[in-house]
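Structure record follows, encoded as structure tokens.
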Amino acid sequence: MKHLKLTVIFQFVCVMVVAQTKSNDWPVLKTYNQDRIQKIKMPVGGIGTGTISFTGRGSLEDWEIMNRPAKGFNPTLENWGSAKQKGPFFAIFVEDGEGKKQTRLLEGPPDESYYEGAWGATSNHHGLPRFSDASFKTAYPFGQVFLSDDDLPVEVVVGAYNPLIPGNIDDSSIPISILNYTVKNTSDKYITISLSGTIQNFIGFDGTRGKAFKNVNTIREENGVQGIHYTSNGVDPESEQWGTMSFVSLNEGTTTYRTAWQPKTSRWDKKRLDFWDDFSADGLLEKRVNEEADAPMGSLAVKTTLRAGEERNFRFLISWHFPNRQTWDKSGFQKEIKATVGNYYTTKYSDSWDVISKTLPRLDALENSTKTFVNALIKSDIPEEIKESALFNLAHLRTQLAFRIKSGQLLGWEGLFDTYGSCFGSCTHVWNYEQTTAFLFGELAKTMREVEYKYATDDTGLMSFRVYLPLEEGQLWGKAAADGQMGSIMKFYRDWQLSGDDEFLKKHWPKVKKSLEFCWIPGGWDADKNGVMEGSQHNTMDVEYFGPNPQMGFWYLGALKASEAMATYLGEKTFAKTCHDLYEKGSKWMDENLFNGEYYEQHIQPPMSADNVAPSLIGATGGDKGVDLTSPDFQLGKGVLVDQLVGQVFSHIVGLGYLAKEENIKKTLESIMKYNYVENMASHANFHRSYALGDESALLMAAYPNERPEKPFPYYTEVMTGFEYTAAVGMLQEGLTEDGLLCIRNIRDRYDGKKRSPFNEAEAGHHYARSMMAWAGILATTKFQYSAVDKSMTFTSKPGTYFWSNGYSYGTVDVKQNEAEIAVLYGKLELSRFTLEGVGTKKLKTKTINASETLNIKL
């Protein structure tokens, strides 16, 4: 049988519409001056779609749209030497009233750290002229670069964003980058300007894999829309790098195109010179023909005039559609499984042109809805550092960190390396910390619970803390993590409470229950069933703890309490009583035995023999074989662990209350500040990865004021933001407000735009999932809790206006003395009971508050 040839359509489109919205009308939470913009890379893309980075200089880099990470990938014309850094770009041609012509990149100065290299400078388009002054303003997902230059009669604001609306998953998952260029004539005369954009047809190559082959560009006109139509006659339509892209201009003016650049005629190729000379002559583009190019360039220019003092906005759209996502990359502890799992977002659109067609009529509405959300948050009376950490870490959810397979389930890496994912499988003990998805996109969080209980938990109750793809093949990782498994129970309880979905509870409860009972198997975590974890406990430190310890202990107590509540609701009184009794025993034992007067510590209890340990609980890292069970290394021991109260923090988030004595919890957090806090990291000896150093301040993973094991767990000298947020949120919950805010402020000071990107908190990889614990800072500050099961809401009684979201709706609460006005800005909210903490509770006949409605409650 002959193979069928499928033509790839890669569209580059121009739509003649005047865009009225100006990017400088966008919300702003944080401003970065020119000395703090060089590391800024803001992801611009939807949930599960991939992304393009908008830099602090105004350029578009890191084209991560083909199903895998691609840090540093800028689809480029050249392919050798430092000259290869010539990716997509925008430029402006200006002719002033006296006939002086100038052409500049629509970017600020390059990063000086890239000035030196074997071939000279290595930054993108390092040799081309650009604006001399730049600053960056942002309130994610909006980013704006303010460009000016004393030698130019224009000021330009370059803006980029992607729609983001809590509760509205589809509108927050559009594979599109929306760009605004607001140009102001600062002179007292007419000027002529032209804006051009250039993107290569790189279908088939994702930066490290595949190859662009026989891609062809043609001008297309359809239904009043004209542009450059990109196709490929050579890329395999089954490959992961196959798909379509569109580049759209929504602007009036004289529009000219190139569907190709000049052919290469010699080693000393001058294609870029030809383009620059052509555009700089008059702001118009002459056509070129290059029939031999496998990855032809596509360029568009829009020319117009501006009156003295006039300001005009130019809007461009970039969309993409790459349907053939493959399974996890092969790694050291993963079987090699080759299969296509697809992308959910591509089921909503037939190709990238369809993305444009469906999004274009709604652009203004999407932008206004996104601004409504961002303004509601940043204008609330929540501390600035909390708003920044919560909002900016939300960006992680819209990178290649997280993706939705074709069947709709959300999955994620732990983090991202430059060209591949870091640690596969939606690792439960990492994603346990993440609170962003549940409180902004509840239905997505429920799909993660579906993966955990429908596909990752076997009939014995063992939950594989990593999951293979495809899901339907039923291949289990087969290793259990104590913290991952107990935390998943608490996450399930949270997501049931936020959704009020009893069918969700009933469907998955048998496996949830079984996963708790797994603690009690012979050789298990609590084999003697006394409410205390003592067995081999694999955990997020990538080791097994042996013996009781606070990190696993509080996760276990939280899981017991959540399971008791769910069992009671379902009428399973016997199981509920079992959970209650074990919780009571365990809580008392931990206070009496693990709390040393300042904090909770580990009692190392080697099992002495492998016969005493269930086989599935040893060597879960896939790399640590032959553990010495008589005297195991890599334990916590008497250390002060930064996140020892993570289960307690989660318990407060979901309204389950204290898991141990309140005074002990508060004292432990005070001790973490006393022992783990380092004012100046230059004085600290760290023997592993450095995520804080020099004069930066941070919370260490563990401190040893007393005795220390000879070989503690591997990360004890490190600093990682997700763990710092956990401790800081605990401090906020216990009224240690200044300490909690200081810890969060220190994190954000490290991610300051100069040293690191504010949108990329790293751990084992870029955009690490654990850092999305930051959203819990909002919950702790506002004391917000919501249950759709009993239709109740709790809020702080401190006067002010606050933001709230429950994963399905969001809005604000205006708190006054003994009074609150609840506003719903999206979705709907059902209430039967409202509590102002410390003031009282008001019972209501069930009220439904719809979007744009308010409810005033007096207590």
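Within segment 147-176, can you find the residues that are of a type in the set (A, V, I, L, M) and without any contact (Cβ under 8 Å) to a residue 60 or more places away in the chain?
LEU152
Determine the pairs where a residue that is assigned by TED's automatic domain parsing to the domain that holds PHE403 and under 16 Å from PHE759 (Cβ atoms), located within segment 50-79, has a partner that is of a type in the set (Gly, Ala, Ser) and part of a strand (DSSP E or B) with Cβ atoms under 9 Å apart, the partner being 6 or more residues away or on another chain.
none
Out of the residues in segment 265-312 that are basic (Lys, Arg) and in contact (Cβ under 8 Å) with a residue 12 or more places away in the chain, state the one that is farthest from ASN201 (Cα to Cα).
ARG307
Looking at ASP749, ASP739, which one is of a type in the set (Asp, Glu), in contact with a strand residue (DSSP E or B) (Cβ under 9 Å, 6 or more places away or on another chain) and under 21 Å from ALA780 (Cβ atoms)?
Answer to the check: ASP739.
Check GLY597, GLY531, GLY547 and return the single one that is surrounded by fewer than 24 Cβ atoms within 10 Å (Cβ to Cβ), in contact with a Leu (Cβ under 6 Å, 6 or more places away or on another chain) and within 21 Å of GLN648 (Cα to Cα).
GLY531
Can you find a residue that is small (Gly, Ala, Ser), within 24 Å of ARG36 (Cα to Cα) and surrounded by fewer than 21 Cβ atoms within 10 Å (Cβ to Cβ) anywhere in segment 709-724?
No: segment 709-724 contains no residue that is small (Gly, Ala, Ser), within 24 Å of ARG36 (Cα to Cα) and surrounded by fewer than 21 Cβ atoms within 10 Å (Cβ to Cβ).
Can you tell me which of (1) at pLDDT below 95; (2) in contact with a Lys or Arg (Cβ under 9 Å, 6 or more places away or on another chain); (3) surrounded by fewer than 22 Cβ atoms within 10 Å (Cβ to Cβ) is the one GLU385 doesn't meet?
Unmet for GLU385, out of (1) at pLDDT below 95; (2) in contact with a Lys or Arg (Cβ under 9 Å, 6 or more places away or on another chain); (3) surrounded by fewer than 22 Cβ atoms within 10 Å (Cβ to Cβ): (1).
Please indicate, with yes or no, whether at least one residue in segment 667-682 is farther than 30 Å from GLY523 by Cβ, assigned to a helix (DSSP H, G or I), among the small types (Gly, Ala, Ser) and out of contact with any helix residue (DSSP H, G or I) (no Cβ under 7 Å at 6 or more places or on another chain).
Yes, segment 667-682 contains at least one residue that is farther than 30 Å from GLY523 by Cβ, assigned to a helix (DSSP H, G or I), among the small types (Gly, Ala, Ser) and out of contact with any helix residue (DSSP H, G or I) (no Cβ under 7 Å at 6 or more places or on another chain).
Answer with yes or no whether GLN102 is surrounded by fewer than 23 Cβ atoms within 10 Å (Cβ to Cβ) and at pLDDT below 95.
In short, no.
Might you let me know whether segment 826-833 holds any residue that is among the basic types (Lys, Arg) and in contact with a Gly (Cβ under 9 Å, 6 or more places away or on another chain)?
no
So that you can scan it fast, the table gives a plain yes or no per residue for (1) at pLDDT 95 or above; (2) in contact with a Ser or Thr (Cβ under 6 Å, 6 or more places away or on another chain); (3) surrounded by 14 or more Cβ atoms within 10 Å (Cβ to Cβ):
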position	(1), (2), (3)
GLU238	yes, no, no
TRP268	no, no, no
ASP294	no, no, yes
ARG312	yes, no, yes
PHE316	no, yes, yes
ASN324	yes, yes, yes
PHE333	no, no, yes
LYS338	no, no, no
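When the residues of segment 478-496 are filtered to those that are of a type in the set (A, V, I, L, M, F, W, C) and assigned to a helix (DSSP H, G or I), which remaining residue is surrounded by the fewest Cβ atoms within 10 Å (Cβ to Cβ)?
MET490
With GLY765, GLY777, GLY735, GLY740 as the choices, which residue is in contact (Cβ under 8 Å) with a residue 60 or more places away in the chain and surrounded by 24 or more Cβ atoms within 10 Å (Cβ to Cβ)?
GLY777
Please tell me if GLN644 is assigned to a loop (DSSP other than H, G, I, E, B), touching a helix residue (DSSP H, G or I) at 6+ places or on another chain (Cβ under 8 Å) and within 19 Å of GLY777 (Cα to Cα).
Yes; evaluated as a whole, the condition is true for this residue.
Part of a helix (DSSP H, G or I), touching a residue at least 24 places away in the same chain (Cβ under 8 Å) and either surrounded by fewer than 21 Cβ atoms within 10 Å (Cβ to Cβ) or not hydroxyl-bearing (Ser, Thr, Tyr) (or both): does that describe LYS513?
The answer is yes for LYS513.
Among the numbered criteria (1) of a type in the set (A, V, I, L, M, F, W, C); (2) on the phi > 0 side of the Ramachandran plot; (3) touching a Leu at 6+ places or on another chain (Cβ under 9 Å), which one does LEU440 miss?
Only one criterion in (1) of a type in the set (A, V, I, L, M, F, W, C); (2) on the phi > 0 side of the Ramachandran plot; (3) touching a Leu at 6+ places or on another chain (Cβ under 9 Å) is unmet by LEU440, namely (2).
From the list GLY777, GLY807, GLY838, pick out the single residue that is farther than 30 Å from ASN33 by Cβ, within 19 Å of the chain's Cα centre (by Cα) and outside any strand (DSSP E or B).
GLY807
Just a yes or no: is a residue in segment 535-553 farther than 29 Å from LEU594 by Cβ, small (Gly, Ala, Ser) and assigned to a helix (DSSP H, G or I)?
Taking every residue of segment 535-553 in turn, none turns out to be farther than 29 Å from LEU594 by Cβ, small (Gly, Ala, Ser) and assigned to a helix (DSSP H, G or I).
Is there a residue in segment 465-473 that is closer than 30 Å to LYS783 by Cβ and touching a helix residue (DSSP H, G or I) at 6+ places or on another chain (Cβ under 7 Å)?
no
Would you check if there is a residue in segment 497-504 being closer than 30 Å to SER792 by Cα and assigned to a loop (DSSP other than H, G, I, E, B)?
Yes: one or more hits.
Please enumerate the residues belonging to segment 348-393 that are of a type in the set (Ser, Thr, Tyr), under 29 Å from GLN241 (Cβ atoms) and outside any loop (DSSP other than H, G, I, E, B).
Of everything in segment 348-393, those that are of a type in the set (Ser, Thr, Tyr), under 29 Å from GLN241 (Cβ atoms) and outside any loop (DSSP other than H, G, I, E, B) turn out to be SER352, SER357, THR359.
Do any residues in segment 811-840 that are more than 11 Å from LEU859 (Cα to Cα) and touching a residue at least 60 places away in the same chain (Cβ under 8 Å) have Cβ atoms under 6 Å from those of residues that are of a type in the set (A, V, I, L, M, F, W, C) and surrounded by fewer than 22 Cβ atoms within 10 Å (Cβ to Cβ), where the two are at least six apart or on different chains, and which pairs are they?
GLY811/ALA823; GLY811/VAL824; THR812/ALA823; TYR826/ALA851
Taking GLY425 as meeting all but one of (1) within 13 Å of the chain's Cα centre (by Cα); (2) of a type outside the set (Ser, Thr, Tyr); (3) part of a loop (DSSP other than H, G, I, E, B), write down the number of the exception.
(1)
Which residue out of PHE146, PHE142 is of a type in the set (Phe, Trp, Tyr), within 28 Å of the chain's Cα centre (by Cα), surrounded by fewer than 24 Cβ atoms within 10 Å (Cβ to Cβ) and modelled with pLDDT of 95 or more?
Exactly one of PHE146, PHE142 is of a type in the set (Phe, Trp, Tyr), within 28 Å of the chain's Cα centre (by Cα), surrounded by fewer than 24 Cβ atoms within 10 Å (Cβ to Cβ) and modelled with pLDDT of 95 or more, namely PHE146.
The values are calculated or read from the model by the stated rules, or taken from the named source; none is laboratory data. Predicted, not measured: the structure shown is a model, and the values here were computed from it. For neighbour counting, all protein chains shown are included, and Cβ atoms are generated from backbone atoms with ideal geometry for every residue, glycine included.
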